[in-house]
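Read-outs throughout are calculated quantities, based only on the coordinates presented, and are distinct from any laboratory measurement. What you see is a predicted model, and the numbers here were worked out from it, not measured in a lab. In this analysis, Cβ positions are derived from the backbone assuming ideal geometry, glycine residues included, and neighbour counts consider all displayed protein chains.
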Amino acid sequence: MLASMQGAVESGLLYALMALGVYITFRILDFPDLTVDGSFTTGAAIATVMTINGTQPWIAIICAFLGGAAAGLCTGLLHTKGKVNGLLSGIIMMIALYSINLRIMGKPNLSLRNQMNAFDQIPVIVIAIVLAVVIKILLDQFFRTDLGLSLRATGDNNRMIRSFGSNTDLTTIVGIALSNALVACSGALIAHHQKFADNSMGIGMIVIGLASVIIGEAIFGSKSIFRATLAVILGAIIYRIIYALALRVPGMEAQDMKLITAVIITCALVIPTVRRAINTKTSARKRTAEVLSGLSRPGGGGR
């Protein structure tokens with residue numbers, strides 16, 4: 001049980017980079033980017049192929065980061081310059097990346113066993129914590145810069161920020177590229193952690209990323225960028241822990257992962273709504289009781 005929880009925390013921290021990428025497009029830019037399912041595999045494919053060919057693992061992971069940024073750049077250009085619908089541009093790139101990833105790997109899956117590994121010298125949990133903290137701090141600082149503030153404003157009110165002379169096309173492209181770069185980096189780390197890359201390993205990543213964002217915000221809130229990015233990281237860890245616990249329930253198997261994810265997201269969306277409704281009704285009852293109490297006092301209804 002303890003080993004299972006440690007593995008869930010390790011996976012959660014590695015997937016947290018992907019969740020942060022989804023947070024940038026989903027919450028900051030308000031952009032439905034489905035490129036994630038393809039760019040996650042792109043990162044894994046680049047890192048795996050380069051490592052097998054003798055490149056140092058961390059250099060391969062950096063190249064995977066850049067490869068993801070290139071995929072996001074193409075999606076951003078399709079949307080901003082090609083005037084393609086945001087959802088459709090993500091779908092187009094996701095489909096294109098399926099074939100591109102097969103070209104990169106040369107076959108549907110590759111093994112990293114008996115190859116150099118990013119986690120050979122230092123435990124996974126240590127590297128995962130350091131990466132999550134460093135990237136969170138860098139993102140927090142980035143969103144305080146002029147470009148970061150413009151990116152946030154673009155997601156909040158595109159027309160208003162454009163009227164102030166800001167280049168919203170540039171901020172949108174930068175945001176999507178940064179998002180997919182983090183997603184690809186996460187894919188590269190997961191490939192090294194699992195010691196293999198598969199062309200279908202990115203399927204459903206957008207759902208997992210959204211689950212992490214929603215769970216984190218539902219539990220920890222998102223009143224500031226610092227709190228929001230922390231919530232996303234913790235949400236990714238909680239998601240993996242819930243998933244690990246769910247698989248220990250009798251009758252549940254790995255093939256039920258998508259069902260488990262759907263249930264988790266539904267609960268994360270419904271529970272805050274139910275909580276708000278209960279609080280509203282409770283407040284209404286209190287106000288009604290106070291009014292009735294005032295009317296029942298001697299002279300309470302007099303003028």
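Classify region 2-248 as rounded, prolate or oblate, taking a ≥ b ≥ c as the square roots of the eigenvalues of its Cα gyration tensor: rounded when a/c is under 1.5, otherwise prolate if a/b is larger than b/c and oblate if not. The shape class here is oblate. Counting Lys and Arg as +1 and Asp and Glu as -1 over every other residue whose Cβ lies under 15 Å from the Cβ of L14, the net charge comes to +2.
For the pair region 57-81 and region 14-43, the centres of their Cα atoms are 12 angstrom apart. Note: relative contact order over the chain, using C-alpha pairs below 8 Å and six or more positions apart, is 32 percent. The angle between the Cα long axis of helix 168-194 and the longest principal axis of the Cα atoms of the chain comes to about 60 degrees, rounded to the nearest 10. Helix 225-247 axis versus longest C-alpha principal axis of the chain: approximately 80°, rounded to the nearest ten.
Label positions at S283 and D169, each projected 7 Å from the Cα along the C-beta direction, are separated by 4.5 nm.
Taking chymotrypsin sites (Phe, Trp or Tyr not before Pro) across region 154-257, the ones in a DSSP loop with at most 11 further Cβ atoms lying within 10 angstrom of their Cβ are F164.
Taking amide H atoms as placed 1.01 Å from N in the peptide plane, the amide H of L112 lies under 5 Å from those of F196, A197, each 5 or more residues away in sequence or on another chain.
Applying 1/(1 + (r/R0)^6) with R0 = 51 Å to the Cβ-Cβ distance of K107 and D146 gives a FRET efficiency near 0.65. Between 0 and 90 degrees, the angle of helix 205-220 with respect to the longest Cα principal axis of the chain falls at about 40 degrees.
For region 136-177, the relative contact order comes to 33 percent (Cα pairs under 8 Å, sequence separation of at least 6). Among the trypsin sites (Lys or Arg not before Pro) found in region 142-197, those both in a DSSP coil and sparsely packed, with 16 or fewer other Cβ atoms within 10 Å of their Cβ, are R144, K195.
Couplings for region 162-167, taken from phi via the Karplus curve 6.51 cos²θ - 1.76 cosθ + 1.60 with θ = phi - 60°, read 5, 5, 7, x, 7, 7 Hz in order; Gly and Pro are left as x.
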